[in-house]
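Each reported figure results from applying straightforward, stated rules to the coordinates on display, with no laboratory input. Being a predicted model, the structure only gives us computed values, none of them experimental. Here Cβ is always computed from backbone atoms with ideal geometry, including for glycine, and neighbour counts include all displayed protein chains.
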Amino acid sequence: MHNEIEAKRRISILKNLLTIILLLFFLWVLYRNLDDFRTLYNTIQKANPLYLLNAMFLGVANFILLSFVFQSSFKLISNDTKYPNLFAKSVIYHFLTLSNPLGTAGSSAYLINYLVERGLSHIKAVFGILVANLSLNFSFLLILAFTLYNLSIHNKLEEYQWVAAGLVFGINLGLILLIIFFVITPKFSARMAYKITAFINKITTSIIKKDLFSTKTVEEYTHEARSLSDRFDRSIYNFIKNLPLPLAYHGINILILFLSFYSFDILIPLAGILTLYGVIMLFTVVSPTPQGIGIVEGLSYTAAVSVGIGPSEALFGILIYRVAVVWIPALLGLSLFKWSTGEKSG
């Protein structure tokens, strides 16, 4: 018991230390971009509070749409199961992506646990998360393709940047194809389910000297993965029919980005705002920090300046966008997470 408490204490210290390091890095990026404090003050003065508030509101409201994306994806796996409070779960998922050391893997584990509580097996829950990620990534891939096309016709990238962009595009496409292959190929799904559970058993055996999954459970999961893949094959039409949801989710984020700049009287054409959004998402995907904290702010600022936006306006526009889509929802997620854990313990 003492060892368990000590381990939790060390994990808590590590998380707090990582948070401080990320915050310091974030502040350093801001300081590096503050060249002219007088211009910065003038930019603040001309900010339109109505547009700023709309951007903040949409940043939180868009998680309702994200919860619909999850809902539609989970229903492809199990039509008979109800998924209440998905808005709260989606916001908590976002908060956990930022706050836990495992990033997206840790927040996905939270959602998987929620789905298991709703009566799904672990394999069904994993399939549900995979399908949701597939729809979001596929929608993003379309935006990324437009981004690279628009940059190419304006010669905005150097040769090495094209190589990096091509690699990132290829990695994203490869991951999407892998997920597609996993969810629509029954034999591959069954084989992967067997290998994953066997790998987990190998790890748990070395740590706690016993298998986490019995031989019978492994066989059941393998059979279920094959069945789910067959079911998804018959649901491809429904998956395609649901794609407007993740596209609308990205669309609202694009609108938030537009409002973030328009708040400072910067009107960016549609092609420009789509391109800038694609670049921001690109930086978020390749960033080693959760949701690209610190790194995305600095690189996106540079990208905004390169498309002709003034330094002060670029800095504030990017910051407002990140506050709206990352930080305010994360604070709401923290409150909901504390409330939900307090309710369970009570």
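How many angstrom lie between the Cα centre of the range 67-128 and the Cα centre of the range 296-346? The range 67-128 and the range 296-346 have Cα centres spaced 22 Å from each other.
By per-residue mean of other Cβ atoms within 10 Å, what is the highest-first order of 83-91, 259-267, 239-247?
Values: 83-91: 18.7, 259-267: 20.2, 239-247: 16.6.
For the peptides 83-91, 259-267, 239-247, the packing ranking is 259-267, 83-91, 239-247.
Our estimate of slack between ALA61 and LYS46, defined as 0.36 nm per intervening residue step minus the Cα-Cα distance, is 2.8 nm.
With a sphere of radius 11 Å drawn around the Cβ of GLU313, what net charge do the other residues whose Cβ falls strictly inside it have (Lys, Arg +1; Asp, Glu -1)? Net of charged neighbours comes to 0.
Computed from backbone phi, the HN-Hα couplings of the range 238-249 come to 5, 4, 5, 5, 8, 4, x, 5, x, 5, 5, 4 Hz, rounded to whole numbers (Karplus: 6.51 cos²θ - 1.76 cosθ + 1.60, θ = phi - 60°; Gly and Pro given as x).
So which of LYS195/LYS241; LYS75/LYS124; LYS82/LYS338; LYS124/LYS195; LYS82/LYS124; LYS75/LYS338 end up more than 21 Å apart by C-alpha?
Pairs exceeding 21 Å: LYS195/LYS241; LYS82/LYS338; LYS75/LYS338.
In terms of the mean number of neighbouring beta-carbon atoms within 10 Å, the peptides 55-62, 273-280 order highest first as 273-280, 55-62.
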